[in-house]
Structures are given as structure tokens and as C-alpha cells.
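One structure is given below, encoded as C-alpha cells.
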Amino acid sequence: MEGGDRPLGAKVTVQAKPSAQGAQTKQGGVQTAVTNVPEASAPLCDFLDLKAQFAEIREEVMAAIAKVMESQLFILGSEVKLLEEEIAGMLGARHGVGCASGTDALVLAMLAVGVGEGDEVITTPFSFVATAGTIAWIRATPVFVDIDPITYNIDVTKIAAAITPRTRAIMPVHLFGLMADMAPILELAKSRNLAVIEDAAQAIGARYRGRHAGTLGDFGCFSFFPSKNLGAAGDGGLITTEKTEFDEKLRLLRMHGSKTKYHHDILGTNSRLDALQAAILRVKLRHLEKWTRGRQERAKKYRALFAERNLREFVTPPLPPPAEFAHVYNQFTIRCRRRDELREYLRLKGIPSEIYYPRALHLQPAFANLRGAAGQFPHAEAASAEVLSLPVFPELREEQQMDIVNAIAQFYAASAR
Ligand SMILES: Cc1ncc(COP(=O)(O)O)c(C=O)c1O
């Protein structure tokens, strides 16, 4: 989520004092004449507090880094191999292949299954840009299907109508940590001979009918961007697959098509996971289950707090998912009335929030060639105008959650008067 909708660092701090001369906006532009912007209160918390996470695991992380530094082996090697095995083992996948980012995970998966120019890949318009962006990047065509307004995931009932003779794959996204409804997707893909590439960037540890995100389709693509539930100290990614043939192809693709030094079987690229990142991720992986529970507990608490405040008319928190889904809450995203005003009100109270995502992908200039039009995917467009993500990290304290929900209640109470 580089650029507009995601902080480059994982941490979002509230801009407490915009400069009168000109403040850097999130879009990278400069606001001039910021004279009457009210000052925000002291921050209640960060949007995501990775410093608190680091404080808990500092010694383990530093020891892991030192070990790699002592070895001076930085490219692939045993740390990467062990991480691949440990993640595949945790997920119940046969193979795991580390790579440079979640973006590359999607690219490599598509290349491994032979998606390319002239092919169509069906996906959602309500996601981080990498989902459709990678499809277009390899010169295939993203074909959007609107979302389900409750889950924000692709509406599986609309996929069949989008299939054409050029369709090669379906790329569902498990948005915010909740898996897409995979059974109908898999059934359709099987009957129409399509590959399924799960964009599981936000969903490590999420489950559907007892199976982990990334293990149901032909490929599961994960991101270790720092703000993900399992985040590196930089970029990183991983692809899971059941098929040995794909595993071998992915390993070639990430390493210039080479198994043996200076012998190149196919064209590939350099998309390796660093040993340092792998070593850090191996430490964090040991804590992931506990952190996921922490996120789930905070989501439950938010739901209880919203119910207590009786805000149903104004705010729709994510529903508790049906029993067959385990949501891992990479984001806790509410749908709310007068979203932008609420967000500004919270900012002034020192409460950070984020909008994932403020513009549906079919309306992004980068996809202008697809000729998307306003009104084409009404649920994705409505979501982009109404969603707001609240802090939901394991170290978030109960009283902070209460303050956040109280502030939201105050906003609507004040506006009702
Ligand atoms: C849904 C989704 N897909 C793909 C990506 C790309 O991952 P990365 O930032 O590691 O390239 C992200 C990460 O932001 C994401 O959220």
C-alpha cells in the first residue's frame, strides 16, 4: 500500500501540528495556506504500535539478527528455508516459497501458472492496488466483479457472469483478514478450468471450513509488509502451493530461472526473501497465534462497545463471521455515516484511523484503459465512501478502545442535537 492509502512506515501517527507554511499530505502533495486547521489533541494511541510489539520480542529479534550477521549469509540460505517450512507447516501447505514482497508473490504465481498477455483474471475492485496492478503489470487484463457489501470480499454469485473464453484465473482477496467464500469459487474454477490465486496478503492464519488462507487455491500469496499480521522489518512475501511442479517453477522464477549457478533454464527475475527478514519473521511467527487472538479479542470488544452505545443507526462494525470462518482482523473496518467528518473529529481527539480504500480500483487513473465508470461496481464504490479502519493491534488497551468508541458516540450524539 505504498503511496496514498498506506503509510510508508507501518506506524501512523497523528499529525499534531500542521505547519502553517505547508504540510505534506498523504498524497505527497503540499497543502498551502493551512491557517485554520484546528490542532489535534495528544495522540491516544498509534494506528498500529509496532514499537510495543518490538519491546516484547526485542531480545529474540536481536539474537536472530546477530546470528545472520555472524554468518554473513544474506541471500536465501537456511533461515529462508526454515521459514518456508515453518509457514507451510503452520498453514498445512505442501510448499512455501519466499519472495521479495506480496506484490511479487502475485506476479510469480501468475507467471508460474502461465497467465500472460491477452489473458483475463477476475478479481475485486475493492483491494490494495497490487491485486489488480500485478495482473495489468504482466500485461493480462483485470476483470472486476463487485463485492459483497457485508464482507467486502468478491461477490461469488457474480463471478460466473464475468467469465469469458480469455479468462485464465480468479484472484479472490481475503480482505482485512476475512477469507472470501472459497467453496463456490473453487467449484466454478474447477468446472471452467481456471487457476485460483488467493491474495492472502492480509490474511495469514485466517481459516475457512478448517483450512488456512492460501491453501485452497492453486497458490496462496502472502505479504510480510510491516503492517501485516506477520510483518518483516522491510518487504517480503511468500507463495504457498500444493503442486511440486509449481513449487519448482516458483523457485526458478524468483532466481533468474536458475537452479545451478550461471545456468538459466527459463527467464526469471530477482525476487528473493532476505535471510535477515526470514530470521526476524521466524521469531515473530512463534508469537503469531497469540497476536491473532489479541486482534480477535479486540474486535470482539469493539463489537460489544458499539452494541452498548447503540450506534446501529450510524455505524456498522464487521459482523462476527459465521462459524466456518476465522477472521484475523488485519483491519477492524466499520462502515459509518459521514465518514470523513467522523475521521476529522477523531483526528482532533488524537485518535488515528485509516481509509482502506478511498477509491475503488476501476476508478483509479492507473486503470483508465479499462474504461471503468462510476456506478459500475456500486458496492465497492459505496464501501470506499463509507469505510473507516480503527486501531486493532494486540497491544491496544481496553480503555483506549473505550475512548475510541466513546468519541465516535459523542460525534453522532453532537450531530443529532
Ligand atoms: C490485498 C493486498 N494484496 C497485495 C499486497 C502487496 O503486498 P506487498 O506490499 O508486500 O507488496 C498487499 C499489501 O499491502 C495487500 O494488502
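Read the figures in this text as sums done on the coordinates, not as results from a lab. Not measured: the values here are computed from a predicted model. Cβ coordinates were reconstructed from backbone atoms using ideal geometry, including for glycine residues, and neighbour counts include every protein chain displayed.
Give me Ser41, Ser127 ranked fewest to most by other Cβ atoms within 10 Å of their Cβ, as a rough exposure proxy. Show your work: numbers first, answer last.
Numbers: Ser41 13, Ser127 28.
Neighbour counts put them in this order, fewest first: Ser41, Ser127.
When you restrict to C-alpha pairs under 8 Å that are six or more residues apart and normalise by the size of segment 105-242, the relative contact order lands at 20 percent. Translational diffusion of segment 99-223 was estimated from the Stokes-Einstein equation, with Rh taken as the Kirkwood radius over Cα pairs; at 10 °C and 1.306 mPa s the coefficient is 114 µm²/s. When DSSP beta bridges are restricted to pairs lying wholly in segment 57-282, around 55% turn out antiparallel. The value obtained for the chain, namely the Cα convex hull volume divided by the number of residues, is 155 Å³ per residue. Once the C-beta distance of Asn310 and Asp265 is scaled by a Förster radius of 60 Å, the resulting FRET efficiency is 0.40 to the nearest 0.05.
Over the Cα atoms of segment 170-278, the radius of gyration divided by the Kirkwood radius equals 1.01; this is the Rg/Rh ratio. Legend: calculated FRET efficiency, Met62 to Leu348, from the Cβ-Cβ distance at R0 = 30 Å, rounded to 0.05, equals 0.20. When only Cα pairs below 8 angstrom with a gap of at least 6 residues are kept, the chain shows a relative contact order of 20 percent.
Work out which helices of the chain, taken as complete DSSP H runs, extend at least 15 Å along their axis over the Cα atoms and score a mean Kyte-Doolittle of 1.6 or more, then list them.
What comes out of the filter, once short or polar helices are dropped, is 102-113.
Peptide packing: for 225-231, 120-126, the average count of neighbouring Cβ atoms within 10 Å per residue gives the ranking 120-126, 225-231, highest mean first.
Segment 134-149 and segment 188-237 have Cα centres separated by 16 Å. For Lys300, a cut-off of 15 angstrom between C-alpha atoms picks up these aspartates and glutamates, skipping any fewer than 8 places away in its own chain: Glu308, Glu395, Glu398, Glu399.
With a/c under 1.5 counting as rounded, go ahead and sort segment 322-410 into rounded, prolate or oblate using the C-alpha gyration tensor (a ≥ b ≥ c being the square roots of the eigenvalues; past the cut-off, prolate if a/b is larger than b/c, else oblate). Intermediate results must be reported in sequence, preceding the final value.
Working: a/c = 2.52, a/b = 1.64, b/c = 1.54.
Cα axes put segment 322-410 in the prolate bin.
Could you tell me which residue out of Ala140, Tyr356, Asn369 lies farthest along the dipole of the chain toward its positive end? Charges go on the beta carbon: Lys and Arg +1, Asp and Glu -1, centred on the Cα centre. Of the options given, the answer is Tyr356.
Arranged from fewest to most other beta-carbon atoms within 10 Å of their beta carbon, Ser389, Ser223 become Ser389, Ser223. The DSSP beta bridges internal to the chain are antiparallel in roughly 65% of cases. Note on segment 57-282: Cα convex hull, mean projected area over all directions, 12.3 nm².
Suppose only helical runs count, i.e. DSSP H with n ≥ 4. What mean residue ellipticity at 222 nm does that imply for the chain under -39500 (n - 2.57) per run, divided by all residues and rounded to the nearest 500 deg cm²/dmol?
-12000 deg cm²/dmol
Note on segment 183-305: with charges restricted to the Cβ of Lys and Arg (+1) and Asp and Glu (-1), its dipole about the Cα centre is near 700 debye.
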